[in-house]
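Report on the structure given below.
The values are calculated or read from the model by the stated rules, or taken from the named source; none is laboratory data. No experiment lies behind these values; they were computed from the predicted model shown. FYI the Cβ positions are ideal-geometry reconstructions off the backbone, even for glycines, and counts take in every protein chain you see.
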Amino acid sequence: MKKNILVTGGAGYIGTHTLIELISAGHSPVVVDNLSNSSEEAIRRVEKIVGAEIPFHKVTVQDIPAMRAIFEQYSFNAIIHFAGLKAVGESVAKPLEYYKNNLDSTLVLLDLAKEFGVKKLIFSSSATVYGTPEELPLKETSRVGVGITNPYGRTKYMLEEVLKDVAVSDPSFEITLLRYFNPVGAHESGTIGEDPSDIPNNLLPYVAQVAVGKLNHVNVFGNDYETIDGTGVRDYIHVVDLARGHVAALNYSTPGVHTYNLATGNGTSVLQLIAAFSKASGREIPYQIAERRPGDIAACYASAAQAEHEIGWKAELSIENACADAWKWQSLNPDGYAGPINA
Ligand code: NAD
Ligand code: WQD
């Protein structure tokens, strides 16, 4: 059934890719984004890909009157809540900004959802809620909340708890907590992708900028972990697979809170990822071994069997696909959305 969907943070990296999948599944998304970490150009490019206009409101979710007007204008069937600040290091430096933005936006949204009777909500959670993993691969039932090392991660953990409490208080809510592992890659068109405003914090965009010549070399944060080659292991998931996970979650309808890992089940080390990107780009990627990064864990990967079993979703794209698509985006758009459209 076609749904009118409020997509907060829809101009961002995961949001833009999800808009494409929503529209190809026949849904009608409406975007609210304050462009604090994105640009309207991203929405324009999605519109080119899908060949349709997407209603866009440049609004901060905490702006209650503006949000109420949007709820009045559209009759939403569901909300996908991507909006949030997400830089781990910045959250340590500016904890109040992170707590205010991420917590307040979600609380405002929940109030409005109650007021307007929108009972289906999909929330962007994160592997970070598992803190120090008690077991690998992680399962949805694995311990959460122990060893989270930064305010950003704590906002995700706290919000999961808030959402569970809300669902208990009103059993007609259908809330899905999607715990993303490490999103990478880009749409195959090469016209949208991750566009960090500064030097990237995350590995893959950093590697991509080294490959394109914007940065000199990759610093590999530690090679003395107990992993296959001593470097950190993560579960990198193609952003298009991740986007499709939201469509699958929308189609599944049962009251209560449902939690899914959106992951591939495979761990890839830093050196393996550098090698895969080098192959995809045909470029040499110089790297240097550096100190461990504070707060990092050795390995993190997850089983997504629950998502496959309940919502019929599983990751289909490989790390090779992700590197090829990220390279296409990076090489065609070395200046991200600030540069000309090339495809
Ligand atoms: P992003 O920064 O590209 O997108 C988030 C969007 O939200 C941005 O466009 C930003 O302008 C907007 N925004 C932020 N606060 C807002 C507010 N108060 N009101 C309106 N708009 C606001 O990030 P992303 O990578 O697309 O992540 C989307 C969501 O997924 C976030 O909640 C993030 O924490 C979560 N997540 C991301 C990752 C990752 O590695 N990318 C991993 C796990 C979870
Ligand atoms: C991956 C691996 C690094 C950069 C973070 C957040 C997490 C989530 C996704 C939102 C690690 C190594 C990295 C570099 C390196 N976001 N690395 N050199 O740390 O798994 O997850 O982003 O929820 O909350 O913590 O991702 O890409 O930063 O690091 O060697 O320049 O690459 O040590 O082993 P991480 P990442």
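Scanning region 150-187 for residues that are of a type in the set (V, I, T) and surrounded by 20 or more Cβ atoms within 10 Å (Cβ to Cβ) returns T155, I175, T176, V184.
Taking I20, is it farther than 17 Å from H81 by Cβ, in a helix (DSSP H, G or I) and touching a His at 6+ places or on another chain (Cβ under 9 Å)? Here the answer is yes, as I20 does meet what is asked.
Given the conditions (1) surrounded by 14 or more Cβ atoms within 10 Å (Cβ to Cβ); (2) more than 19 Å from the chain's Cα centre (by Cα), report the number of the one that A302 does not fulfil. (2) is the only condition that A302 fails. Taking the conditions (1) away from ligand 2 (no atom under 16 Å from the Cβ); (2) under 19 Å from the mean Cα position of the chain (by Cα) in turn, K279 satisfies each one other than (2). Of the residues that sit in region 20-46 and are under 16 Å from N77 (Cβ atoms) and of a type in the set (A, V, I, L, M), which one is farthest from ligand 1 (Cβ to nearest atom)? Of everything passing the filter in region 20-46, A25 is farthest from ligand 1 (Cβ to nearest atom). Which residues, counting only those in region 244-297, are within 17 Å of D229 (Cβ to Cβ), in contact with a helix residue (DSSP H, G or I) (Cβ under 7 Å, 6 or more places away or on another chain) and of a type in the set (A, V, I, L, M)? Passing the criteria: V270, L273, I274, A276, I285. Within region 270-323, can you find the residues that are within 16 Å of ligand 1 (Cβ to nearest atom) and of a type in the set (D, E)? Selection gives D296 alone.
I70: at pLDDT 95 or above, of a type in the set (V, I, T) and farther than 21 Å from P183 by Cβ, yes or no? It is true that I70 is at pLDDT 95 or above, of a type in the set (V, I, T) and farther than 21 Å from P183 by Cβ. Considering the conditions (1) within 9 Å of ligand 1 (Cβ to nearest atom); (2) more than 30 Å from F277 (Cβ to Cβ); (3) among the aromatic types (F, W, Y); (4) outside any strand (DSSP E or B), F123 is excluded by exactly one of them, (4). Across region 290-343, the number of residues qualifying as among the β-branched types (V, I, T) and not in a loop (DSSP other than H, G, I, E, B) comes to 2. The residue list L85, L112, L138 contains one member that is under 25 Å from G256 (Cβ atoms), within 15 Å of ligand 2 (Cβ to nearest atom), in contact (Cβ under 8 Å) with a residue 40 or more places away in the chain and crowded, with 18+ Cβ neighbours inside 10 Å, which is L138.
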